[in-house]
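Trainee: Sharing a structure with you now.
The values are calculated or read from the model by the stated rules, or taken from the named source; none is laboratory data. Remember, it's a predicted structure, so these values are computed and weren't measured experimentally. We place every Cβ from the backbone using ideal geometry, glycine too, and count neighbours over all the protein chains shown.
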């Protein structure tokens, strides 16, 4: 089920909508709604050769491991969003490092476009908050198994960190 499956009526004028390829259109007022990926940020937060992972406190993936991060606010620059999300979830004031790439994941009937950054954690211990139940530092040989991650792309993203760590 995609996000547009529930759009039977126009949010502007309440007239019935028509379905197109990747969008809905209202013939009465001309409104067009698109099924776009949702931009989000996630951080590979490292300290002393260990990676910080978050155990999710909410669905989807409650109880599974996740990269700290979240959905961008409207008009928010990804690096600012990463700072905000990591402060909300960990209490750490993290500075974004290198941009590593973008990955797609399903999330409650939508598709998340996860913009992934390296980040170095400052001094201080992270504290789980917001939608995070637990935070844990993992050495490369202690990482959770692929099936313990909340989203399909995370094992690939984490393996990228492991490969970069091995060549450092």
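Trainee: Being surrounded by 15 or more Cβ atoms within 10 Å (Cβ to Cβ), within 15 Å of the chain's Cα centre (by Cα) and within 15 Å of residue 39 (Cβ to Cβ) is the requirement here; does residue 100 meet it?
Mentor: no
Trainee: Hey, another quick one. Quick test for you: out of 120, 132, 94, 38, pick the one residue that is under 30 Å from residue 10 (Cα atoms) and in contact with a strand residue (DSSP E or B) (Cβ under 7 Å, 6 or more places away or on another chain). Steps first, answer last, please.
Mentor: Details: 120 fails: under 30 Å from residue 10 (Cα atoms); 132 fails: under 30 Å from residue 10 (Cα atoms); 94 fails: under 30 Å from residue 10 (Cα atoms).
Of the residues listed, the single one that is under 30 Å from residue 10 (Cα atoms) and in contact with a strand residue (DSSP E or B) (Cβ under 7 Å, 6 or more places away or on another chain) is 38.
Trainee: Counting only residues that are modelled with pLDDT under 95 and within 18 Å of residue 64 (Cα to Cα), give me the strands (runs of 3 or more DSSP E) lying completely in segment 91-168 with at least 1 of them. Show your work before the answer.
Mentor: Numbers: elements: 95-107, 110-120, 132-138.
It comes to 95-107.
Trainee: Would you please name the residue that is farthest from residue 111 (Cα to Cα), looking only at residues in segment 25-69 that are part of a strand (DSSP E or B) and without any contact (Cβ under 8 Å) to a residue 60 or more places away in the chain?
Mentor: It comes out as 25.
Trainee: Within segment 103-128, take every residue that is within 14 Å of the chain's Cα centre (by Cα) and surrounded by fewer than 13 Cβ atoms within 10 Å (Cβ to Cβ) and give me the one that is farthest from residue 50 (Cα to Cα).
Mentor: Across segment 103-128, the extreme among qualifying residues is 108.
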